[in-house]
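Student: Please find one structure pasted underneath; my questions will follow.
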Amino acid sequence: MIAENYSLTGKQILHFETFGFLVRRNVFSAEEVAKINGEFDRRRASILAEIDPEEKRTFTQWPTRNPENPFTASLLDDPRIYVPSEQLVGEDSIPIQSHCNSYGKSSGWHVDTFDRRLCVIKNILYLQPTTADRGALRVIPGSHRSPLSEDLRNMDLYGFHDDTSPFLNASGMRGEDIPCYIFESEPGDVITFNELTWHAAFGGYKDRRSLSYNFFTNPKADDEIESMKKIVEHTPANTQGLGTVGLEYHPNWLENADNNPRRARWINWLEKWGFTDVLNN
Amino acid sequence: MLTEQQITQFHTFGFLILRNGLNAKEIQKLNVEFETKLTRTTGGKSKNKEERMSWPSLGPDTPFTSALLESPSVTGIVSSLFGDDYFGISCNASSLCGETNWHPDADNLHMKGLKVLCYLQPLNGNSGALRVIPGSHINALHDDIKSVQMDEPEHDGLTQVALVSNSKSGFKIEEIPATICSVNPGDLLVFDFRLWHASKGGSNDRRMISMIFIKNAKTPEEEIAVNESVLKSQKNRAHRAKAAFGKRNEQVSEYHPNWVANLGNNPRRQRWINWLREKKYF
């Protein structure tokens, strides 16, 4: 019953497929966002005290699946997150990573993957209001598809920081000048995008907050399996590069004390593919 | 002339905004000519204009607007994108009204043409600025958008060239993700015919000068696309001229005899005229 209430409509799915992203407004209430922010405050403070007391890092990220932020951890089992994700990526899809993100600056134009053999989506919940000049996510509609995706790559737009984008450097343009849709939002809104979709955020500031939950297609075809093997292989280096703090899968979460069948399926899959090893070591 | 990056931007996203392409003095001249002409239209005479008024501007009563089609500030843009083998097709002025549904100006992807727009008032997302879906001039995105149901008001049957179905449960104009081309007078907006675009909001007298250029067809497919475009533009013009001037034919000729006479023996214009004649634009 609950699952049906959070199902996407055909119109929403078509929007996602056509433009590579989908916006849902007021998915979480103000009380829920306040609860998440309270947990975020405490966890961030303890992490900074431990690893970055002078707050020199420009990006701090930690997994949600941790008993120190129980409400945030519970959102992965919340139908508002997993039901739409399963509709878009498959009923047997898996959330490999789920993070609390505290950014220190803007993010230039990039994609999260160039590999189109596996479908990967990311659900993002921003914990502060966002506007065009204050951290709103920007996406280029339809850029998850060929040839626009490759055209953007070939024009050398890619650059996680503006000053590393050859196109912007050569043209004298700013990242803000690239045509796109701007996701201006209130806390509680959720944007879900295909990780092939080009995106950026400008007007960054210290402790710009979000929660992100990504879901991967369960690989079946040979090329999908090959792709997933590469992801497993590269995950330790990628995670290290992002400076993720703490275990991706806390023992409490892996224990699955409530015997949640969906979580049990996820855990079996993560163990089978080796993610519990590569992301917890 | 455009920079290499501007050319890349146009081909990748299907449009380009060139800030301050015309100066304040030039905008003032355009406004004076626009005002004079608007007062002669049926809408301009009405106190409550509720229709789009559009008229050709290649006549001697709008000399500055007419010259824009051949001015270096405009042809330099077109040459950068199409080389020198293109034709200037028209220079129109429009007093826009209401919203414009999502549509491309050409649905045949072999069509190589562009529009240069100059708005005479500042416009943003709430006041009728053009909205475009970047990259929608090419497939797969161009055709994918046709499957998106739009919850659209009745349209004039002319702007709507693609098979987009109307549905009350569909998307509203502003729900389609797009770039809003906020502009100030003097900015030039250049877009590919095939790009999906729309507008929402604004006054009943949003003023725009639009110029159309077509690249010379090189393949049989391009030739077919150009011929389709010619037919469509003839239908559009007849409809809009009638709406603006009723039965007074003297006002509605797209190509004024003086312009066609080409008294200055401008070789580029003569080449355009020859092509227009061949295509039966006259």
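The values are calculated or read from the model by the stated rules, or taken from the named source; none is laboratory data. These numbers were taken from a predicted model, which means no experiment stands behind them. All Cβ positions, glycine included, derive from the backbone under ideal geometry; neighbour counts span all protein chains shown. Just so you know, the surface numbers come from the protein's heavy atoms only, side chains and all, with ligands and any DNA or RNA stripped out. Shrake-Rupley method; radii C 1.70, N 1.55, O 1.52, S 1.80 Å.
Student: Report relative contact order for chain A in percent, whole number only (criteria: Cα-Cα under 8 Å, sequence separation at least 6).
Tutor: Normalised by residue count, the contact order of chain A is 30 percent.
Student: Springs between alpha-carbon pairs under 10 angstrom, Gaussian network model over chain A: which of A:F193, A:F28, A:F40 fluctuates most?
Tutor: A:F28
Student: OK, next. What average number of partner chain Cβ atoms lie no more than 10 Å from the Cβ of the residues making up B:3-14?
Tutor: Working: counts 3, 2, 9, 2, 0, 8, 8, 0, 2, 12, 8, 2.
That average works out to 5.
Student: Same structure again: Across the stretch B:138-148, in residue order, what do the Karplus-derived ³J(HN,Hα) couplings come to in whole Hz, using 6.51 cos²θ - 1.76 cosθ + 1.60 with θ = phi - 60° and x for Gly and Pro?
Tutor: Coupling constants for the stretch B:138-148: 10, 7, 7, 4, 3, 6, 4, 5, 5, 7, 7 Hz.
Student: Identify, among B:F171, B:I89, A:S7, the residue whose Cα sits farthest towards the positive end of the charge dipole of the protein assembly as shown, taking +1 on the Cβ of Lys and Arg and -1 on the Cβ of Asp and Glu, with the dipole about the Cα centre.
Tutor: B:I89
Student: If you don't mind, there's one more thing I want to ask. Calculate the FRET efficiency for A:R174 and B:N31 from the Cβ-Cβ distance with a Förster distance of 25 Å, rounded to the nearest 0.05.
Tutor: My answer for the efficiency is 0.20.
Student: Okay, moving on. Counting only the heavy atoms of the protein chains, how much of B:M208 is accessible to a 1.4 Å probe, in Å² to the nearest 10?
Tutor: Approximately 20 Å² for this residue.
Student: Here's something else I'd like to know. Taking a 1.4 Å probe, which of A:E248, A:E86, A:E271 shows the most accessible area, and what order do the others take after it? Intermediate results must be reported in sequence, preceding the final value.
Tutor: Values: A:E248 5, A:E86 25, A:E271 100 Å².
Final ranking, largest accessible area leading: A:E271, A:E86, A:E248.
Student: Please calculate how many Å² of accessible area the stretch A:2-227 carries per residue, with a 1.4 Å probe and no DNA, RNA or ligand atoms counted.
Tutor: 39
Student: Scan around A:N66 for amide H atoms under 5 Å from its own, H built in the peptide plane at 1.01 Å from N, and keep only partners 5 or more places away or cross-chain.
Tutor: A:A73
Student: Here's another thing I want to ask about it. Counting other Cβ atoms within 10 Å, keep those with at most 14, restrict to DSSP loop, and tell me which chymotrypsin sites (Phe, Trp or Tyr not before Pro) in the stretch A:78-168 are left.
Tutor: Filter output for the stretch A:78-168: A:F114, A:F160.
Student: Please sort B:179-191, B:72-84 by packing, taking for each peptide the average over its residues of neighbouring beta carbons within 10 angstrom, highest first.
Tutor: On the way: B:179-191: 20.6, B:72-84: 16.4.
The packing order, highest mean first, is B:179-191, B:72-84.
Student: Got a number for the accessible area of B:I138? Probe 1.4 Å, square angstrom, nearest 10.
Tutor: 40
Student: In nm, to one decimal, how far is the modelled label at B:N124 from the one at B:K218, with both set 7 Å along Cα→Cβ?
Tutor: 4.2
Student: Working out 0.36 nm times the residue gap between B:N258 and B:D84, then minus their Cα-Cα distance, what length gain in nm do you get to one decimal?
Tutor: Length gained, B:N258 through B:D84: 60.2 nm.
Student: Could you pull out every residue, at least 5 positions away or on a different chain, whose amide H is within less than 5 Å of the one on A:H144? Hs are placed 1.01 Å off N in the peptide plane, and Pro or chain starts have none.
Tutor: So A:H144 has HN proximity to A:W198.
Student: To continue, here is another question. Place +1 on the Cβ of every Lys and Arg and -1 on the Cβ of every Asp and Glu in the protein assembly as shown, take the dipole about the Cα centre, and give the residue among B:V78, A:Y249, A:P236 whose Cα lies farthest towards its positive end.
Tutor: With unit charges placed on the Cβ atoms, the residue in question is B:V78.
Student: Additional query: Interface size between chain B and chain A, please: total buried accessible area, 1.4 Å probe, rounded to the nearest 100 Å².
Tutor: Chains B and A together bury roughly 2000 Å² of accessible area.
Student: Quick one: Karplus J couplings for the stretch B:29-34, per residue in order, coefficients 6.51, -1.76, 1.60, θ = phi - 60°, nearest Hz, x for Gly and Pro?
Tutor: Each residue of the stretch B:29-34 in turn: 4, 4, 5, 4, 5, 4 Hz.
Student: What is the set of long-range amide H partners of A:A136 at a cut-off below 5 Å, with H atoms built 1.01 Å from backbone N?
Tutor: Amide H neighbours of A:A136, under 5 Å, 5+ apart: A:T131, A:F202.
Student: Round to the nearest 0.05 the FRET efficiency obtained for A:R42 and B:R268 when R0 = 51 Å and r is the Cβ-Cβ distance.
Tutor: 0.10
Student: Another question about this same structure. Using the Karplus equation 6.51 cos²θ - 1.76 cosθ + 1.60 (θ = phi - 60°), what ³J(HN,Hα) coupling, rounded to whole Hz, does each residue of the stretch B:72-78 give in order, writing x for Gly and Pro?
Tutor: Coupling constants for the stretch B:72-78: x, 5, 9, 5, x, 5, 5 Hz.
Student: Please identify every one of the trypsin sites (Lys or Arg not before Pro) in the stretch B:38-136 that sits in a loop by DSSP and has no more than 11 other beta carbons within 10 Å of its own beta carbon. Don't skip to the end; give the middle numbers.
Tutor: On the way: sites: B:R40, B:K45, B:K47, B:K49, B:R52, B:K112, B:K115, B:R131; in loops: B:R40, B:K47, B:K49, B:R52, B:K112.
Passing sites in the stretch B:38-136 are B:K47.
Student: In the stretch A:125-152, which residues become less accessible by 50 Å² or more once every protein chain is in place, relative to the chain on its own, using a 1.4 Å probe?
Tutor: A:P141, A:R145, A:L148
Student: Ignoring ligands, DNA and RNA, what percent of the 1.4 Å accessible area of the stretch A:2-227 is carbon and sulfur?
Tutor: 48
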